[in-house]
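Heads up: the structure comes next, in structure tokens.
What follows draws every value from the coordinates through simple rules; no lab data is involved. All figures in this text were calculated on a predicted structure; none of them were measured in a lab. Glycine gets a Cβ as well: all are built from the backbone with ideal geometry, and neighbour counts include every protein chain shown.
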Amino acid sequence: MFFSDIEIPENTRKAVNSAATLGRIPCSILLSGGSASLREKCALELASAVLCTSISDEKGLPCGKCSACLRVKAGIHPDVFKVVPEDGKKLLSIKTVRESCLSRLSVSPTEGKNKVFLFPECDELQTVVQNALLKSIEEPPDDTMFIFCVNAREGLLTTVISRLTEYPLGDTLSSKSKKDDEKIIEIADGIAHALSNGDEFSVMLACAPMYKNRKMMASVAKHLIAIIRDAMAQNSGAPLLSGSDMAAYALSRSYKISSLLQIKEIMDKIISEASSNANENLLISRFSSETAVIMKDRI
């Protein structure tokens, strides 16, 4: 079976297998969600579907055993072109796209009947690049397949998305949301460690990234509460839930439960007042001064 990984949604699996069986695999495809490795694996499976030299007449699925299938899987088939940024570059340039893709559209495949252009990670694909590809993915040559892989669709133009057949491979997390979550955890961990060290100045420095960002302040406070909960649960055998085990352990070694509860109460106030449009700088200053009093009672 095509797309056999168990984490792939059943609707996607059925759609791909049906298209392959009917010989109607789209020429311009978007693989979204799931892990980067799963997206690339599925992209190569799709490539093998149009390059396999021993496709079953009954099922229309690639055999997975012929020379073409094995070379696609190994990433060495001459008709599969992986379009990636130049060495040392983060973003795909228009120059690379022209040289690695657009200039080859009119060239016949080297061995098979088709050629495949694979764009492995397109979450940050520049607008100028997307516009340059627009006409080609809308009306690709008969012997050409385009496969784009993204974690989330938000980085792609709606004009591009409308010309692609999407196969979702699993849950997606927007790039921005992922970065924001990582930042929130980083700040909360930094504040927890500063509190553990009893250094008021370090607490203020750890809070600095939250200036003029009330929403982040509330999110950081919520994560700090989760860390405090884990700190209080250190010796109870209860599972740790915050994901910030080291920060929780440091707090548990520095404060009694009564002091941790006081810090939690300050966090509750931060969340409440941040939601009522209180001044961010004032909240941070008050947080620093109130925790300074608690830090005097460190173990």
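Quick notes on this structure:
- Helix 36-51 vs. the chain, principal-axis angle (Cα, 0 to 90°, nearest 10): 10
- With the highest mean first, a sort of the peptides 242-252, 284-294 on other beta-carbon atoms found within 10 angstrom per residue produces 242-252, 284-294.
- Placing unit charges on each Cβ (+1 for Lys and Arg, -1 for Asp and Glu) gives the chain a dipole about its Cα centre, and among Ile184, Asn281, His77 the Cα reaching farthest toward its positive end belongs to Asn281.
- Ranked by how many other Cβ atoms sit within 10 Å of their own Cβ, fewest first, the residues Ser259, Ser272 fall in the order Ser272, Ser259.
- In the chain, the calculated helix contribution to ellipticity at 222 nm averages -16000 deg cm²/dmol per residue, counting -39,500 (n - 2.57) for every DSSP H run with n ≥ 4.
- For the stretch 176-295: relative contact order, % (alpha-carbon pairs under 8 angstrom, 6 or more apart): 33
- Against the chain, whose longest principal axis is taken from its Cα atoms, helix 214-232 shows a tilt of about 70°.
- Scaling the Cα radius of gyration of the stretch 176-295 by the globular reference 2.2 N^0.38 Å produces a ratio of 0.98.
- Compactness relative to 2.2 N^0.38 Å, alpha carbon Rg of the chain: 1.37
- Summarising the amide proton neighbourhood of Leu92: residues at separation of 5 or more, or on other chains, whose placed amide H is nearer than 5 Å comprise Gln126.
- Cα-centred dipole magnitude for the stretch 176-295, charges only on beta-carbon of K, R (+1) and D, E (-1), debye, nearest 20: 240
- When the inverse distances between all different Cα atoms of the stretch 10-170 are averaged and flipped, the Kirkwood radius reads 15.9 angstrom.
- By the Cα gyration tensor, the stretch 132-232 has an equivalent ellipsoid whose semi-axes, rounded to whole angstrom, run 45, 14, 10 from largest to smallest.
- 5 angstrom amide H check on Thr165, placed H, neighbours 5+ away: Ser28, Ile29, Leu30
- Among the trypsin sites (Lys or Arg not before Pro) within the stretch 24-87, those in coil by DSSP and having at most 15 neighbouring Cβ atoms inside 10 Å are Arg24, Lys59, Lys65.
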